[in-house]
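Colleague: Here it is, the structure, as structure tokens.
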Amino acid sequence: MSMNELLARFHDVAANPSAQMKKYLAEGKKVVLTAPVYTPEEIIHSMGLVPMGAWGGDLVLDRAKEYFPAFICSIMQSILELGMKGTYDGASAIVIPSLCDSLKCLGQNWKYAVPGIPFIPMTYPQNRNNEVGKTFVKAGYRRVAADLEKATGAVFSEEALAESIKVYNKHNAVMRKLDEALASHPEVTNAQRSDVYKSAFFMTKEEHTVLAEKLLSALNETPASGKVKIVTSGILCDAPSLLESFDALGFQIVADDVAAESRQYRTDAPEKPEALDALAEKFAAMDNCSVLFDVEKKRADLIVKTAQERGAKAVVLVLTKFCDPEEFDAVPVRRACEAADLPFVLIEVDRQMADLGQARTILETLRDSLNA
Amino acid sequence: MAEEVVVKKTRPPLDPNSAKFKLGQIAAKAYSDAMEAKARGEKVGWISSNFPVEIPETLGIHVCYPENQAAGIAARGGGARLCEVAEADGYSNDICAYARISLAYAKIKDAPEQNMPQPDFVLCCNNICNCMIKWYENLAKDLNIPFIMLDIPFNPDNEVSDEQVAYVKGQFLAAIKQLEEITGKKWSDERFKEVMENSCRTSRAWLDATAQAKYTPSPFNGFDLLNHMAVMVTARGKVEAAEAMETLAREYKENHANGKSTFRGEEKHRIMFEGIACWPWLRVTATGLRDRGINMVTTIYADAFGFIYDDFDSMIRAYCRVPNSINLETSRDKRIKLCKDNNVEGLLVHVNRSCKLWSGFMNEMSRQIGEACDIPVTSFDGDQADPRNFSEAQYDTRVQGLTEIMETRKEAKA
């Protein structure tokens, strides 16, 4: 397959999650929804179930308003909306971690708003990199496995988990390679880059790894580019209108600190005799994220370092409106960029934005200032 | 043109033996003690409201409560001013107003409405929200001070698991060690035992006092609780707090025996108020109820500060059960009990723009409470500390609507 054919395939999957779900269900597989962020997919995968990302969608909110007040982020609202509308019908369960306050509320509302799809909570520790934290996260994983057994009839085993961890570590490695490679391939548009990441939520990791490896091989010689290199940061950066603006204005995303993109691929589970220990070690080692306790705010430094290494001219924080963790981090991230003489802009987005308006103006101004 | 004559009411001085006087003194002393400790060169901390008070109290460390300070600043009219300082620094106006006020105060270090010493460390417990972690991360980063984190995760189950107790206990012990290193003070098991006893004694008295709303009419105006709560937050491990709360319970019982109440006027209706107070609009929200003869007889705070436990493990379990750390069903059942115990006739819900966790599943929970107790439910939009997020007209309309429903139901029953 050529690069363009592969990119078209990623797009098809990214744009049609329902079709993917139907395909898996038709194959006799059971699908488990995984809400943001850091849902332990390895456990779901190890039980022979298909994890599918549930990060909401760009749709008008209607029924979710029966449950959520207006000031809860549109990711949570639209996940609930899709659940209530029946879009996720056929799924055997949803796993929702409680790493932010709105996620806690999503889980509680889900039980009543979408009673047909069982809610499985994943409770993570914030004091994670010590013995009590690791023990607690293992208890959380065991609980998810037990709830999945109940909801699906599938069986959990540490042996199978060890195999799934290998699958996920391999996918992580390929995604990190791809991230690096795409930085020097401006011919891949930002919308296409987003498809590569987004599609990973709707395919098994084995399938996605194969496609991603093919794309790596298919990337051609680097053509010259007049594009302005940027680093994006935030929870989600997949709105078609936003990506279209990045592309139309001549920006190239050369790296990201986006929860739905590279953040999830930074950390591998180490090799351990017990697979659950390995998974607990993985979570303990995770960092540089707005929903993980980080008193040093290392995330801000990482963004700056990444931008410098990739030769980015600016950092664009794509802030999901009403996302507390990102709103708090926005200030230290901006300060870190300013201290490094790295232009920084913040654009506020939500999943109901048909017209980017103000965000586009901010991006135009950024481009003009960088080209001046 | 008639000359307007303004008669300023003078209030009689408070009886120094009254609960109100004692509680006011304790709340004020918490700030002055911390100021004096700081002046003496002792290390002083900032602490979140449901961090186990037993730790600093046992160690003899002076701490201040930014949430309490923010509420005080907001109630005295400084909320918008400080929020705007934080917003000028880039903080979104969607962020919790307590956090905005606190981050602004850490920067400008002066607010005549309620000053407190700057911290040498912060003590954060997220059993009320994860927003707390982000707020304190930024404080610690801005001020370059140590951060002690006690993570008590939201519990999706009805019971607190042994695994959660073990996790919290491990952190509890680590926090003590960290604090000993920072402050040079030493932990004493004997003192800890005293503090636990005081805390339970204060909590028992608080529960006893708030339970007097079971009488109709209630011997107190529920808005009293919002003021007295400050002592439950900041000082429940002190023996003075236990004594003052016992005085409060005694006074309420005497009020009932003598047919008196701190609620002025006839108590026509009894409601539960859900959510944090609208501190910038406290008078408006209180008057809107009182003028209609509505007494807010209970709030979840009546239950929230009932820290009753027997030993170390059950203390940990108590901190894992604070409101906002428990699931919808447990939260709902606590409120249903309060409504039933106190003959509540309506539920008024503050949809608090500052608090995503408190408001995020309140719609469903209040529907279930309304059904279980067969009472009308009304909500209004507001904010705990940002005065810009409240509409007096909307509040008035909603409360009027609730009043009419309660009246109609009473007439139908009569």
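The values are calculated or read from the model by the stated rules, or taken from the named source; none is laboratory data. This structure is a prediction, so every number in the text was calculated from the model and none was measured. Cβ atoms come from the backbone with ideal geometry, glycine included; neighbour counts cover every protein chain shown. Surface areas here come from the heavy atoms of the whole protein model, side chains and all, with no ligands, DNA or RNA. Shrake-Rupley method; radii C 1.70, N 1.55, O 1.52, S 1.80 Å.
Colleague: Taking region B:356-381, which residues are more than 14 Å from chain A (Cβ to nearest Cβ) and charged (D, E, K, R)?
Modeller: Residue satisfying the conditions is B:Asp374 alone.
Colleague: Can you tell me how many residues within region B:161-178 are facing chain A (nearest Cβ under 7 Å) and of a type outside the set (S, T, N, Q)?
Modeller: Residues in region B:161-178 being facing chain A (nearest Cβ under 7 Å) and of a type outside the set (S, T, N, Q): 4 in total.
Colleague: A further question follows. Please go through (1) closer than 19 Å to B:Pro156 by Cα; (2) assigned to a strand (DSSP E or B) for B:Glu329 and return the number of the only condition it doesn't satisfy.
Modeller: (2)
Colleague: If you don't mind, there's one more thing I want to ask. Would you check which residues across region A:315-372 are of a type outside the set (Gly, Ala, Ser), part of a helix (DSSP H, G or I), over 18 Å from the mean Cα position of the chain (by Cα) and farther than 17 Å from A:Glu244 by Cβ and list them?
Modeller: Residues satisfying the conditions are A:Phe328, A:Val331, A:Pro332, A:Val333, A:Arg334, A:Arg335, A:Cys337, A:Glu338, A:Thr365, A:Asp368, A:Leu370, A:Asn371.
Colleague: Another question, then. How about region A:345-362: which of its residues are open to solvent by 40 Å² or more (accessible area, probe 1.4 Å), at pLDDT 90 or above and within 14 Å of chain B (Cβ to nearest Cβ)?
Modeller: A:Leu346, A:Glu348
Colleague: Let me ask another. Would a scan of region B:182-195 turn up a residue that is more than 11 Å from chain A (Cβ to nearest Cβ), open to solvent by less than 50 Å² (accessible area, probe 1.4 Å), within 30 Å of A:Ala336 (Cβ to Cβ) and not in a strand (DSSP E or B)? Spell out the reasoning first.
Modeller: First pass over region B:182-195, keeping only residues more than 11 Å from chain A (Cβ to nearest Cβ): B:182-195.
Cutting the leftovers down to open to solvent by less than 50 Å² (accessible area, probe 1.4 Å) gives us B:182-183, B:188, B:192, B:195.
Retained after the next criterion (residues that are within 30 Å of A:Ala336 (Cβ to Cβ)): B:182.
If we keep only those that are not in a strand (DSSP E or B) too, we end up with B:182.
Yes, because at least one residue in region B:182-195 is more than 11 Å from chain A (Cβ to nearest Cβ), open to solvent by less than 50 Å² (accessible area, probe 1.4 Å), within 30 Å of A:Ala336 (Cβ to Cβ) and not in a strand (DSSP E or B).
Colleague: Name the pairs whose Cβ atoms lie under 6 Å apart, with the first residue in region B:69-80 and touching a residue at least 40 places away in the same chain (Cβ under 8 Å), the second small (Gly, Ala, Ser), and 6 or more positions between them or separate chains?
Modeller: B:Ala70/B:Ser102; B:Ala70/B:Ala385; B:Ile73/B:Ala111; B:Ala74/B:Ala385; B:Gly79/B:Ala385
Colleague: Here's another thing I want to ask about it. Of the residues that sit in region B:297-311 and are without any contact (Cβ under 8 Å) to a residue 60 or more places away in the chain and over 19 Å from the mean Cα position of the chain (by Cα), which one is least open to solvent (accessible area, probe 1.4 Å)?
Modeller: Of everything passing the filter in region B:297-311, B:Asp311 is least open to solvent (accessible area, probe 1.4 Å).
Colleague: A follow-up question, please. Looking at the structure I just gave you, is A:Ser245 surrounded by fewer than 17 Cβ atoms within 10 Å (Cβ to Cβ), of a type in the set (Gly, Ala, Ser) and touching a residue at least 40 places away in the same chain (Cβ under 8 Å)? Please lay out each step first, then the result.
Modeller: Details: surrounded by fewer than 17 Cβ atoms within 10 Å (Cβ to Cβ): no; of a type in the set (Gly, Ala, Ser): yes; touching a residue at least 40 places away in the same chain (Cβ under 8 Å): yes.
Against the criterion (surrounded by fewer than 17 Cβ atoms within 10 Å (Cβ to Cβ), of a type in the set (Gly, Ala, Ser) and touching a residue at least 40 places away in the same chain (Cβ under 8 Å)), A:Ser245 does not qualify.
Colleague: Also: May I ask you to verify whether B:Val344 is open to solvent by 10 Å² or more (accessible area, probe 1.4 Å) and within 14 Å of B:Met296 (Cα to Cα)?
Modeller: Numbers: open to solvent by 10 Å² or more (accessible area, probe 1.4 Å): yes; within 14 Å of B:Met296 (Cα to Cα): yes.
Yes, satisfied.
Colleague: Also, quick follow-up: Return yes or no: is A:Val31 open to solvent by less than 30 Å² (accessible area, probe 1.4 Å), closer than 19 Å to B:Ser161 by Cβ and touching a helix residue (DSSP H, G or I) at 6+ places or on another chain (Cβ under 9 Å)?
Modeller: For A:Val31, the condition - open to solvent by less than 30 Å² (accessible area, probe 1.4 Å), closer than 19 Å to B:Ser161 by Cβ and touching a helix residue (DSSP H, G or I) at 6+ places or on another chain (Cβ under 9 Å) - is not met.
Colleague: Then there is this: Just checking: which of the helices (runs of 4 or more DSSP H) contained wholly in region B:24-90 hold 3 or more residues that are under 15 Å from the mean Cα position of the chain (by Cα)? Spell out how you get there, then give the answer.
Modeller: Values: elements: B:54-59, B:66-75, B:79-88.
Counting at least 3 such residues, we get B:66-75.
Colleague: A:Ala191: outside any strand (DSSP E or B), among the aliphatic types (A, V, I, L, M) and at pLDDT below 95, yes or no? Walk me through how you get there before you give the answer.
Modeller: On the way: outside any strand (DSSP E or B): yes; among the aliphatic types (A, V, I, L, M): yes; at pLDDT below 95: no.
No.
Colleague: Exactly one of these conditions fails for B:Cys355: (1) open to solvent by 30 Å² or more (accessible area, probe 1.4 Å); (2) hydrophobic (A, V, I, L, M, F, W, C); (3) under 16 Å from the mean Cα position of the chain (by Cα); (4) over 19 Å from B:Phe220 (Cα atoms). Give me its number.
Modeller: All conditions are met except number (1).
Colleague: Considering only region B:211-233, state which residues are in contact with a strand residue (DSSP E or B) (Cβ under 7 Å, 6 or more places away or on another chain) and open to solvent by less than 10 Å² (accessible area, probe 1.4 Å).
Modeller: Scanning region B:211-233 gives B:Ala213, B:Ser218, B:Gly222.
Colleague: Checking B:Val349 against (1) of a type in the set (A, V, I, L, M, F, W, C); (2) within 14 Å of another protein chain (Cβ to nearest Cβ); (3) over 18 Å from A:Asn109 (Cβ atoms); (4) out of contact with any Lys or Arg (no Cβ under 7 Å at 6 or more places or on another chain), which test does it fail?
Modeller: Failing condition for B:Val349: (3).
Colleague: Within region B:127-154, which residues are in a loop (DSSP other than H, G, I, E, B), crowded, with 23+ Cβ neighbours inside 10 Å and within 9 Å of chain A (Cβ to nearest Cβ)?
Modeller: Across region B:127-154, the qualifying residues are B:Cys129, B:Asn130, B:Pro153, B:Phe154.
Listed here are the residues, each with its yes/no results for (1) away from every other protein chain (no Cβ under 12 Å); (2) without any contact (Cβ under 8 Å) to a residue 40 or more places away in the chain; (3) crowded, with 23+ Cβ neighbours inside 10 Å.
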| position | (1), (2), (3) |
| --- | --- |
| B:Tyr105 | yes, yes, yes |
| B:Asp110 | yes, yes, no |
| B:Val122 | no, no, yes |
| B:Cys125 | no, no, yes |
| B:Pro156 | no, no, no |
| B:Glu159 | yes, yes, no |
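Colleague: Restricting the search to region A:263-305, which residues are among the charged types (D, E, K, R), in a helix (DSSP H, G or I), within 14 Å of another protein chain (Cβ to nearest Cβ) and open to solvent by less than 50 Å² (accessible area, probe 1.4 Å)? Break it down into steps so the answer makes sense when it comes.
Modeller: In the first step, residues of region A:263-305 are kept if they are among the charged types (D, E, K, R); the result is A:263, A:266, A:268, A:271-272, A:274, A:277, A:281-282, A:287, A:294, A:296-299, A:301, A:305.
So of that shortlist, the ones also in a helix (DSSP H, G or I) come out as A:263, A:277, A:281-282, A:298-299, A:301, A:305.
This time we only want the ones that are within 14 Å of another protein chain (Cβ to nearest Cβ), so: A:298-299, A:301.
Answer for region A:263-305, where residues must be among the charged types (D, E, K, R), in a helix (DSSP H, G or I), within 14 Å of another protein chain (Cβ to nearest Cβ) and open to solvent by less than 50 Å² (accessible area, probe 1.4 Å): just A:Arg299.
Colleague: Hey, another quick one. Between a residue in region B:34-49 that is under 15 Å from B:Ala140 (Cα atoms) and in contact (Cβ under 8 Å) with a residue 60 or more places away in the chain and any residue that is open to solvent by 10 Å² or more (accessible area, probe 1.4 Å) and among the basic types (Lys, Arg), which pairs come within a Cβ distance under 7 Å, given they are 6 or more apart or on different chains?
Modeller: From residues that are under 15 Å from B:Ala140 (Cα atoms) and in contact (Cβ under 8 Å) with a residue 60 or more places away in the chain, the pairs are B:Val44/B:Lys38.
Colleague: Quickly run through region B:263-296 and pick out the residues that are over 23 Å from B:Arg76 (Cβ atoms), crowded, with 19+ Cβ neighbours inside 10 Å and not charged (D, E, K, R).
Modeller: B:Phe263, B:His269, B:Ile271, B:Met272, B:Ile294, B:Asn295
Colleague: Are there strands (runs of 3 or more DSSP E) fully within region A:18-103 with at least 2 residues that are closer than 16 Å to A:Pro115 by Cα? List them.
Modeller: Filter on region A:18-103 gives A:31-34, A:93-97.
Colleague: Here is a follow-up. Would you please name the residue that is most open to solvent (accessible area, probe 1.4 Å), looking only at residues in region A:120-173 that are away from every other protein chain (no Cβ under 14 Å) and not in a helix (DSSP H, G or I)?
Modeller: Here the residue is A:Val155.
Colleague: Can you name every residue in region A:306-322 that is under 28 Å from A:Gly250 (Cβ atoms) and within 13 Å of chain B (Cβ to nearest Cβ)? Spell out how you get there, then give the answer.
Modeller: Pass one, region A:306-322, residues under 28 Å from A:Gly250 (Cβ atoms): A:306-321.
Within region A:306-322, A:Leu317, A:Leu319, A:Thr320, A:Lys321 qualify.
Colleague: Now a separate question. Does region A:216-230 contain any residue that is open to solvent by less than 10 Å² (accessible area, probe 1.4 Å) and farther than 18 Å from A:Thr39 by Cα? I'd like the intermediate steps shown before the answer.
Modeller: Looking only at region A:216-230, we keep the residues that are open to solvent by less than 10 Å² (accessible area, probe 1.4 Å), and these are A:230.
Within this subset, residues satisfying the condition of being farther than 18 Å from A:Thr39 by Cα are A:230.
Scanning region A:216-230, I find at least one residue that is open to solvent by less than 10 Å² (accessible area, probe 1.4 Å) and farther than 18 Å from A:Thr39 by Cα, so the answer is yes.
Colleague: A further question on this structure: Test each condition in (1) within 28 Å of A:Ala26 (Cα to Cα); (2) more than 14 Å from chain B (Cβ to nearest Cβ); (3) open to solvent by 10 Å² or more (accessible area, probe 1.4 Å); (4) touching a helix residue (DSSP H, G or I) at 6+ places or on another chain (Cβ under 9 Å) for A:Arg176 and report the one that comes out false.
Modeller: Just one mismatch for A:Arg176, condition (1).
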